[in-house]
Every structure is written in C-alpha cells, then in structure tokens.
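Written below as structure tokens is the structure these notes are about.
All of the numbers you see were taken from the coordinates with simple rules; none came from a lab. Please read these numbers as outputs of a predicted model, since none were measured by experiment. Positions of Cβ are generated from backbone atoms using ideal geometry, with glycine treated the same way; all protein chains shown enter the neighbour counts.
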Amino acid sequence: MHRARRHSAVHSTVTETPVITTSGLSKVYRSRGREVTALDGVDLHVREGEVYGVLGQSGAGKSTLIRCVNLLERPTSGTVTVAGQDLTALAGRGPRAGRSLRQARSRIGMVFQHFNLLSARTVQDNVELPLEILGVSGRERSRRALELLDLVGLGDKAKAYPAQLSGGQKQRVGIARALAGDPKVLLSDEATSALDPETTRAILELLRDLNRQLGLTVLLITHEMDVVKTICDSAALMRGGRIVESGTVPELLATPGSELAQALFPVGGEPSAADRTVIDVTFHGDAATRPVISELARTYNIDISILGAAMDTVAGKQVGRMRIELPGRFEENVVPIGFLREQGLQVDVADTAQPAPAAATLLKEGAK
C-alpha cells in the first residue's frame with residue numbers, strides 16, 4: 001500500500017535488473033500511401049530504481065517511444081516488457097486494449113506535458129479518477145487520493161478546481177493521479193517543459209524524491225539538459241527514430257567523443273596558434289576538487305591556458321569539464337597528457353575544426 005511505502009526509511013537504489021525493456025521496437029505510420037518511420041529498431045533497457053532520460057530533437061521519436069512503452073501507441077514490430085510482463089503479447093490484434101493489457105497499464109503511471117486535468121472535477125476527484133475506473137470503493141478512493149495529495153504537497157487543495165491552481169500545482173495533481181494505481185514505473189512526457197525554471201526545479205525535486213521514497217523507476221523524455229543534470233541516473237540520445245547513444249551519466253561523461261557529455265558540459269575555445277595542443281579534460285569524483293592543472297604546470301614547467309570550463313553537480317556528484325591549451329603540437333605533449341590520465345581524468349584531444357555536436361542543439365530545441 002502507499003502508506004507503508006511512503007513512510008519507509010529505506011531509499012531506493014538502482015539495481016542491474018531491467019524493469020523496462022524494448023527490443024527491436026519499430027513504429028511505422030501509414031497515411032495516404034506514404035510511410036513514416038517514427039521508431040526504427042529501438043533497444044532500451046531501464047534498470048529498476050533509476051531515473052532514465054531520453055533526449056532528442058523534434059521528430060526524433062522520443063514521444064512515440066514513451067507512448068509505445070505503455071502501448072498507448074501500438075508498435076509495428078518488436079516487444080515491450082515492463083516489470084516482467086510482455087505488454088505486446090497482451091495487446092492482441094484488435095484496436096482496443098483487452099482486459100489484461102488494461103490491468104498491466106494501470107500499474108504504469110503517466111505524467112503529461114499539459115496536465116490533462118478535468119476542469120469540472122475537483123483536485124481530489126481528478127486524483128480519484130483512475131481508482132474509480134479500477135473499481136476501488138469510494139472510501140478507499142478518498143483515503144488514497146488525500147494521501148497522494150499530501151505526498152505531492154497539495155493536501156490543502158483537495159476541494160479546489162484546476163482553474164484555481166498554478167501550472168506547477170496542476171502538474172503536482174497530475175503526478176498524484178499517475179501514482180493512484182500504486183505503479184512500479186512512472187512515465188513522464190515532457191512534464192516540465194510548460195513550466196518556468198523555478199517551478200521546473202521544484203517538480204524535478206519531487207520526481208527524484210518519489211523515485212527514492214517509493215522505489216519508482218522513472219522514464220522521462222525531455223529536451224532540457226538541466227533535467228538530465230538534476231535527476232537522471234542514465235540517459236539516451238535519439239535521432240531519426242533510433243537511439244544513437246546511451247548509458248549511465250558517469251559512463252557518458254567518461255566516453256571519448258560523447259555528444260551527450262559535450263552537450264551536458266559545453267566548453268569551447270580556439271587555439272591561439274597553429275602549433276598548440278587543445279585538450280578537453282573531464283573531472284570526476286575526488287579529481288574534481290584537486291588542483292590537477294596547477295600540478296601539471298609545476299611538474300612539467302609549462303604554461304597552460306584555460307580556454308573554457310564548466311562545473312556542475314550531476315546526480316549529487318560534482319563533475320566538471322575544462323578545455324585547456326598546451327604549448328607545442330600533440331607529439332610534444334604526450335607525457336603531460338599521460339600525466340593527466342594517470343590522475344584518473346578523462347582526456348580527449350579537441351578537434352576545434354569540427355562544429356558543435358548535434359546534441360548541443362537540444363539546449364535550444366522545443367518539445368514536440
């Protein structure tokens with residue numbers, strides 16, 4: 001029950017057990033003799049207890065993906081497994097969801113971008129709606145709805161109507177409603193993109209708290225890099241209906257040439273002359289607080305120019321990237337670069353002639 005889970009003192013931890021798996025997932029729309037491929041063989045593995053972010057530009061397929069996870073969209077091919085159940089096997093051949101699929105879907109919470117609240121119902125009634133559909137008795141519906149509203153910080157708004165709420169409060173109602181079926185999985189479809197930055201931070205903190213307190217696995221789509229920085233344990237980049245890059249955030253930050261890492265921590269800067277070596281250095285853990293660059297300058301008696309730097313906290317851990325310039329060509333700096341790598345740093349030689357990675361444009365993209 002929600003009450004027991006909510007008051008548990010044990011915070012959820014990420015395990016290696018996948019709770020959401022898609023295999024070869026494809027979705028093709030057909031209209032007037034034309035075919036449009038929205039998903040093209042997507043393999044996704046979301047581990048139990050983690051917050052997983054899917055990023056992509058408009059038309060990348062991320063909205064279709066999350067709607068296929070709970071089969072609001074029927075995949076053309078491939079499989080979707082959630083909490084050990086193959087939802088595609090439950091779907092059958094008809095256009096309407098059968099009883100088994102409806103029961104499985106009731107255990108998957110869904111939070112929408114534009115709230116989707118019923119204006120004629122009170123806040124409490126909106127939260128009770130999925131319980132009413134499930135046939136839960138009136139007294140139990142009321143008890144659980146009030147408990148959930150208290151959980152999301154709206155215990156005093158039960159009798160209010162959606163028109164009387166702010167955007168952030170409406171989204172909190174949407175989250176409470178998504179939790180009504182006591183789900184193991186929570187899906188978030190651009191839940192913060194319609195909110196101002198301060199409200200966005202509050203909603204993200206709420207999602208992270210629910211992830212930890214209730215043991216929820218959260219799959220969200222977003223175009224905002226700050227969402228990944230703030231709450232995501234893992235992330236994937238979609239392009240053209242495919243996942244082109246994925247992994248835990250630490251793995252991505254440690255991967256040479258990672259588009260997501262460069263978009264999360266964009267650093268720039270051009271060499272001052274042709275005979276210079278420009279490198280990007282990524283700092284993790286203890287190395288993020290050590291004076292490694294000054295140690296390098298003293299050890300090898302070389303002048304180092306800092307061209308750009310970014311430092312932030314990701315999933316509660318300090319991470320930073322820095323672009324520095326070393327005198328001389330690469331062949332003359334093999335030893336200093338080796339020194340940095342011996343300190344546990346990720347070091348990539350920057351190709352300053354290349355344009356910014358495509359993922360960086362997500363910072364400016366709107367959601368569709």
Note down the relative contact order for region 270-351 as a percent, whole number, built from C-alpha pairs under 8 angstrom at least six residues apart.
-> 45 percent
Determine the distance separating the Cα centre of region 31-74 from the Cα centre of region 183-217; give it in Å without decimals.
-> 19 Å
Under the 7 Å Cα-to-Cβ spin-label approximation, residue 298 and residue 121 lie apart by a distance in nanometres of 6.5 nm
Dipole-positive endmost among 277, 149, 215 within the chain (Cβ charges, Cα centre) = 149
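What ranking, highest mean first, results for peptides 58-66, 132-140 when packing means the other Cβ atoms within 10 Å averaged over each residue? Please list the in-between numbers first.
Numbers: 58-66: 21.9, 132-140: 11.4.
Order by mean packing, descending: 58-66, 132-140.
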Potential extension, residue 270-residue 290 segment - 0.36 nm per residue separation minus Cα distance = 4.7 nm
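What is the Å³ per residue value for the convex hull set by the Cα atoms of region 90-152?
Numbers: hull volume 7.4 nm³, N = 63.
Each residue corresponds to 118 Å³ of Cα convex hull volume.
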Determine the dipole magnitude for the chain: charges of +1 sit on the beta-carbon of Lys and Arg, -1 on that of Asp and Glu, nothing else is charged, the reference point is the Cα centre, and the result goes in debye to the nearest 20.
-> 2220 debye
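Please give the contour-minus-distance gain from residue 254 to residue 114: 0.36 nm per residue of separation, less the Cα-Cα distance, rounded to one decimal in nm.
Roughly 46.8 nm would be gained on extension.
Take every DSSP beta bridge whose two residues both sit in the chain, then give the antiparallel share in percent to the nearest 5.
70 percent
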Lysine pair count for region 2-253 [Cα-Cα under 25 Å; pairs on different chains or 8 or more apart] | 9
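Based only on other Cβ atoms within 10 Å, what is the fewest-to-most ordering of 161, 29, 52? Write out the running numbers ahead of the final one.
On the way: 161 16, 29 12, 52 24.
Listed from fewest to most nearby Cβ atoms, that is 29, 161, 52.
Rounded to the nearest 500 deg cm²/dmol, what is the calculated helix-only ellipticity per residue at 222 nm for the chain, with -39500 (n - 2.57) per DSSP H run of length n ≥ 4?
Taking each H run of at least 4 residues, the total per residue is -9000 deg cm²/dmol.
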Which of 266, 238, 61 sits farthest toward the positive end of the charge dipole of the chain, with +1 on the Cβ of Lys and Arg and -1 on the Cβ of Asp and Glu?
-> 61
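Which whole-number percent is the relative contact order of the chain (Cα, under 8 Å, 6+ apart)? Present the calculation step by step, with values, prior to reporting the outcome.
Values: 721 pairs, mean separation 71.3, N = 368.
After rounding, I find 19 percent.
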Roughly what angle does helix 138-151 make with the longest principal axis of the chain, taking Cα atoms, 0 to 90 degrees, to the nearest 10?
-> 20 degrees
HN-Hα J in Hz across region 164-179 - Karplus 6.51, -1.76, 1.60, θ = phi - 60°, x for Gly and Pro = 8, 10, 7, x, x, 5, 4, 5, 5, 5, x, 5, 4, 4, 5, 8
Crossing angle, helix 123-133 versus the chain [Cα axis fit, 0-90 degrees, rounded to tens] = 70 degrees
Round to the nearest 10 and give me the degree value, 0 to 90, for the angle of helix 197-214's Cα axis relative to the longest principal axis of the chain.
-> 70 degrees
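Kindly put 322, 238 in sequence by how many other C-beta atoms sit within 10 Å of each C-beta, fewest to most.
322, 238
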Estimated distance in nm for a label pair at residue 102 and residue 205, the labels positioned 7 Å out from Cα along Cα-to-Cβ | 4.0 nm
Choose one answer from 111, 218, 14: the residue with the largest mean-square fluctuation in a GNM of the chain with alpha-carbon springs under 10 Å.
-> 14
Under a no-solvent Debye model with one identical scatterer per Cα of the chain, what's log10 I(q)/I(0) at q = 0.06, 0.09 Å⁻¹?
-> -0.28, -0.59
The size of the Cβ-based charge dipole (Lys, Arg +1; Asp, Glu -1) of region 270-351 about the Cα centre, to the nearest 20 debye, is 260 debye
